[in-house]
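All remarks here apply to the structure that follows.
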Amino acid sequence: MAGLYDFPDYYAVAFSYRDLAREVDVFEDCIRRFSHVPVSRVLEICCGHAPHLEELLGRGYRYVGIDRSAAMLERAEAKARAYGGDAEFVRADLADFAIGAPADFAFVALASLYVTDTCGLESHFDAMANALRPGGLYLLEWCVDFDPMVDVVDSWEVERGGVRVKASYWSRSVNRIEQVYEDTLHLDVDDRGKQLTIEDRSPRRRIFPQEFLAFVRDRTRFEFVGWWNDWDLDQPVTGEHGVDRPIVAIRRR
C-alpha cells in the first residue's frame with residue numbers, strides 16, 4: 001500500500017470537488033469584515049499541493065505555503081512556476097516553523113491541523129503569532145470538532161482527466177483523555193486501468209468548542225472572531241444544529 005502524500009496528483013483528484021473560487025471569496029469577505037490590516041501576503045498551513053494557489057495569485061496576492069511533504073511541495077512549486085506568480089514554499093512542521101516577512105492572512109484547510117498533543121498545539125499557535133501580522137486573521141476549516149466523527153465512515157468518488165478515485169475517511173479514538181484520534185484517509189485509484197491503493201493514518205488531537213474558546217482566551221496574542229457553518233459567514237454556528245465544514249476565525253492582537 002502506497003503512502004498518500006507521495007502521490008499529490010491523486011490526492012488532488014480526490015479533493016477536486018471543492019469550489020476553490022468560492023472559498024477564496026469567503027477569505028476576502030472575512031478580510032473585509034474582520035481584518036484590521038490590508039492583505040497582500042497569504043500564508044497556508046499544511047498547504048499540500050496548494051489547491052488555492054492559482055486562485056489567490058490570480059487575484060493579486062502573494063502566497064506562502066508550509067508543508068512537511070517534499071512530494072507535495074514539489075507539485076506546488078511546479079504549479080507556481082507554470083503560473084508565474086509570487087509564491088514561496090517552506091518545508092517545515094506546523095508546530096515549528098518560521099517565515100521571513102509576516103503574512104497578513106493565514107488559513108489551514110480540510111482539518112489539517114495535525115498535532116498530537118497540547119504542547120504541539122501551543123507550539124503551533126506560538127509559531128503562528130510570529131508568522132502573522134498584528135491585526136491579521138487566521139482562518140481554520142474543520143479544526144474545531146463540533147460533531148466529532150468517531151466510528152463514522154465518509155466516502156465519495158471523483159473522476160478527473162481519466163483518473164477515478166474512490167475515497168474513504170474514518171476516525172477512531174486512540175486516547176480519550178488526551179483527545180487523540182487516528183484519522184484514516186484511504187484512496188482506491190484507477191488511473192486509466194492502472195490500479196493503486198493509497199492510505200494515510202495520522203493521529204490528531206481533537207479540539208472541542210469550549211476548549212478552543214478557553215485556549216484562545218489564554219493566549220494574549222490572539223482573539224476569537226467567530227465560527228460559521230459550511231463556509232458561509234451568514235451562518236454562525238449556534239450549537240442547536242449539526243455542522244458541515246465549519247470555519248473558525250481568530251485575529252492576531
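From Cα pairs below 8 angstrom and at least 6 apart in sequence, can you work out the relative contact order of the stretch 34-144, rounded to a whole percent?
Numbers: 200 pairs, mean separation 34.6, N = 111.
Computed value for the stretch 34-144: 31 percent relative contact order.
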Place a point 7 Å from the Cα of residue 17 along the Cα-to-Cβ direction; which residues of the stretch 187-210 have their backbone N under 17 Å from it? 187-190
Output the relative contact order of the chain, whole-number percent, from Cα pairs under 8 angstrom with separation of 6+ residues. 19
Distance in nm between label sites at residue 188 and residue 240, each 7 Å beyond Cα in the beta-carbon direction? 4.2
Kirkwood hydrodynamic radius of the stretch 153-205, from inverse mean 1/r over distinct Cα pairs, in Å: 12.2
Which of (1) 7, 30, 39, 21, 3, 0; (2) 7, 28, 32, 22, 10, 2; (3) 8, 34, 39, 17, 2 gives P(r) over Cα pairs in 10 Å bins from 0, in percent as computed here? It is (1)
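Semi-axes of the equivalent ellipsoid of the stretch 50-123: what are they in whole Å, largest first, if each equals the square root of 5 times a C-alpha gyration tensor eigenvalue?
Details: eigenvalues 107, 36, 25 Å².
For the stretch 50-123, the ellipsoid semi-axes come out as 23, 13, 11 Å.
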Simple spin-label estimate for residue 88/residue 33, 7 Å along Cα→Cβ, in nm, reads 3.2
Which length gain, in nm to one decimal place, applies between residue 253 and residue 110 when the Cα-Cα distance is subtracted from 0.36 nm times their residue separation? 49.0 nm
For residue 166 and residue 126, calculate 0.36 nm times their separation in residues minus their Cα-Cα distance, and state this gained length in nm to one decimal. 10.7 nm
With +1 on the Cβ of every Lys and Arg and -1 on the Cβ of every Asp and Glu, and nothing else charged, how large is the dipole of the stretch 153-205 about its Cα centre, in debye rounded to the nearest 20? 80
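Could you please tell me the mean projected area of the C-alpha convex hull for the stretch 115-253, averaged over all directions and given in square nanometres to one decimal? Please list the in-between numbers first.
Numbers: hull surface 41.5 nm².
Averaged projected area of the stretch 115-253's Cα convex hull equals 10.4 nm².
Among DSSP beta bridges whose residues both lie in the stretch 153-205, state the antiparallel percentage, nearest 5. Before the final figure, lay out each step's value.
Details: 32 of 32 bridges.
Within the stretch 153-205, antiparallel bridges account for around 100 percent of the total.
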Treating only the Cβ of Lys, Arg, Asp and Glu as charged (+1, +1, -1, -1), what charge dipole size does the stretch 1-93 show about its Cα centre? Round to the nearest 20 debye. 200
Can you give me the C-alpha center-to-center distance between the stretch 53-131 and the stretch 1-16, rounded to a whole angstrom? 18
Which value, in debye to the nearest 20, gives the size of the charge dipole of the chain about its Cα centre, when Lys and Arg are +1 and Asp and Glu are -1 at the Cβ? 660
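Relative contact order (percent) for the stretch 139-253, with alpha-carbon contacts under 8 angstrom and 6 or more residues of separation?
Values: 218 pairs, mean separation 28.9, N = 115.
About 25 percent, as a whole number.
I'm checking a number: the convex hull volume of the Cα atoms of the stretch 1-132, normalised per residue, in Å³. What is it?
114
FYI, it's all coordinate maths here, none of it is from the lab. It should be emphasised that the depicted structure is a prediction, and the values quoted were computed from it without experimental measurement. Neighbour counts are summed over all protein chains in view; Cβ atoms, including those assigned to glycine, are modelled from backbone coordinates with ideal geometry.
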